[in-house]
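Before any comments, here is the structure.
The values are calculated or read from the model by the stated rules, or taken from the named source; none is laboratory data. Predicted, not measured: the structure shown is a model, and the values here were computed from it. Cβ atoms come from the backbone with ideal geometry, glycine included; neighbour counts cover every protein chain shown. Heads up: the accessible areas ignore ligands, DNA and RNA and are worked out on the full protein's heavy atoms, side chains in. Shrake-Rupley method; radii C 1.70, N 1.55, O 1.52, S 1.80 Å.
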Amino acid sequence: MSERGALRVRLDRLVREVVKFGAVGGAGLLVNLLVFNLVRHTTTLPVVRASILATVVAIAFNYVGFRYFTYRDRDKSRRTKELTLFLLFSVVGLVIENGVLYAATYGFGWDSPLQSNVFKFLGIGIATLFRFWSYRTWVFRAQPAAAAAAAGAVDLPDESFLERKPTPPDRVRG
């Protein structure tokens, strides 16, 4: 396969991954905002605590979606490590997401329901960029090529062309 064809295959895989990540993330966003508004309007919890609770519920929802839909073809041999890393990076995302809401609420006094939802949504967006990168890089790692071939996966082109080595210069004989 040509380099251009191999690059196209990699790009197609990335687009499919982003779409699946977005589908699970979109459902998780709805869960997050629904729980946030439900808790915020039916309890006396402060806004950021309600948001943290909603984020934790969405994290649990998203793990199931990512493991069994988005990254179902990824390495499953180290579930404990996977879950530990997922929770670690999710907590960092939680801090990013709720840090934006905290700054808006307590730093600027923007605490109306509309303002809270806008800054909750903005925080989720920023945290999502971090989560996408960290989950695909560290948590749901691609299977090694040999394991994928043994599992009967589709034979995909070698991606070593991205790590081209310079060709040695011709030797001049004298």
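Data overview
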quantity	calculated
Residue within region 74-83 that is small (Gly, Ala, Ser) and modelled with pLDDT under 95 present	yes
So Pro157, is it over 23 Å from the mean Cα position of the chain (by Cα) and at pLDDT 85 or above	no
Check on Ala6, open to solvent by 50 Å² or more (accessible area, probe 1.4 Å) and in a helix (DSSP H, G or I)	no
Scan of region 5-23 for residues that are closer than 17 Å to Arg136 by Cα and over 13 Å from the mean Cα position of the chain (by Cα), ordered by number	Arg10, Leu11, Asp12, Arg13, Val15, Arg16
Options Gly65, Gly26, Gly99; residue that is surrounded by fewer than 14 Cβ atoms within 10 Å (Cβ to Cβ) and either modelled with pLDDT of 95 or more or under 13 Å from the mean Cα position of the chain (by Cα) (or both)	Gly26
For Arg49: the one exception among (1) outside any helix (DSSP H, G or I); (2) more than 14 Å from Arg136 (Cα to Cα); (3) basic (Lys, Arg)	(1)
Selected residue [part of a helix (DSSP H, G or I) and in contact with an Asp or Glu (Cβ under 7 Å, 6 or more places away or on another chain)] from Thr137, Thr105, Thr80, Thr128	Thr105
Test: Val31 is of a type in the set (Val, Ile, Thr), under 17 Å from Gly125 (Cα atoms) and open to solvent by less than 80 Å² (accessible area, probe 1.4 Å)	yes
Given (1) hydroxyl-bearing (Ser, Thr, Tyr); (2) free of Cβ contacts under 8 Å to residues at least 12 places away in the same chain; (3) open to solvent by less than 70 Å² (accessible area, probe 1.4 Å), number of the condition Ser90 does not satisfy	(2)
Criterion violated by Arg49 - all others in (1) over 13 Å from the mean Cα position of the chain (by Cα); (2) among the basic types (Lys, Arg); (3) at pLDDT below 95 satisfied	(3)
Checklist (1) in contact with a Leu (Cβ under 8 Å, 6 or more places away or on another chain); (2) open to solvent by 60 Å² or more (accessible area, probe 1.4 Å) applied to Val19, failing item	(1)
Test for Tyr68: is it in contact (Cβ under 8 Å) with a residue 24 or more places away in the chain, hydroxyl-bearing (Ser, Thr, Tyr) and outside any loop (DSSP other than H, G, I, E, B)	no
